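Have a look at the structure below before the remarks.
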């Protein structure tokens with residue numbers, strides 16, 4: 001039970017670490033188009049994202065894949081930028097079902113890339129364990145829990161701005177997506193690999 005709590009907390013606080021705000025930015029870009037009434041869709045997105053990066057963590061922990069961190073450090077902000085940019089083009093359009101399909105793809109595929117960002121950290125904390133599967137699942141549960149906390153905060157902010165301050169949903173999506181892109185552009189420039 002002690003190991004379970006250790007890895008659960010490591011996953012939880014690794015996501016909520018302000019130094020790792022890229023994870024929070026991706027979740028914000030991914031879920032800014034939704035409201036509390038879309039909770040099932042949001043839970044599916046968050047879980048697909050967790051599954052994506054858990055898969056790459058698993059493959060990395062067993063040395064099946066290894067990608068140069070220089071590329072990963074560029075790809076992570078690129079995934080955030082692409083997701084926010086996609087929001088900019090679809091904000092206010094009624095084809096929410098199509099956007100949801102794109103977001104399902106973004107959640108899983110970009111989760112694979114974000115998992116590579118966790119790989120070095122995860123390998124370090126499980127280096128002494130022969131069994132890496134149990135710690136990985138515990139770590140993934142912590143990540144999932146932290147992501148749900150972040151998404152709930154995003155939804156509360158959306159509700160407040162749209163009901164209290166009178167933002168339209170379209171404006172909310174455009175403003176938040178623009179802010180995210182503005183934060184991510186310097187990350188892309190800093191981490192360019194060419």
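The values are calculated or read from the model by the stated rules, or taken from the named source; none is laboratory data. Values in this document were obtained by computation on a predicted structure and should not be read as measured data. Here the Cβ is made from the backbone with ideal geometry for all residues, glycine too, and neighbour counts use every protein chain on show.
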Assess whether residue 118 counts as being under 24 Å from residue 30 (Cα atoms), within 12 Å of the chain's Cα centre (by Cα) and modelled with pLDDT under 85.
yes
Return yes when residue 146 is at pLDDT below 95, part of a helix (DSSP H, G or I), under 18 Å from the mean Cα position of the chain (by Cα) and crowded, with 19+ Cβ neighbours inside 10 Å and no when it is not.
no
Selection status of residue 78, touching a residue at least 40 places away in the same chain (Cβ under 8 Å) and surrounded by 22 or more Cβ atoms within 10 Å (Cβ to Cβ)
no
Of all residues being under 16 Å from residue 101 (Cα atoms) and over 14 Å from the mean Cα position of the chain (by Cα) in the range 1-45, which is surrounded by the fewest Cβ atoms within 10 Å (Cβ to Cβ)? Just the residue, please.
40
Go through the residues of the range 82-104 one by one and say whether even a single one is more than 17 Å from residue 33 (Cα to Cα) and without any contact (Cβ under 8 Å) to a residue 24 or more places away in the chain.
no
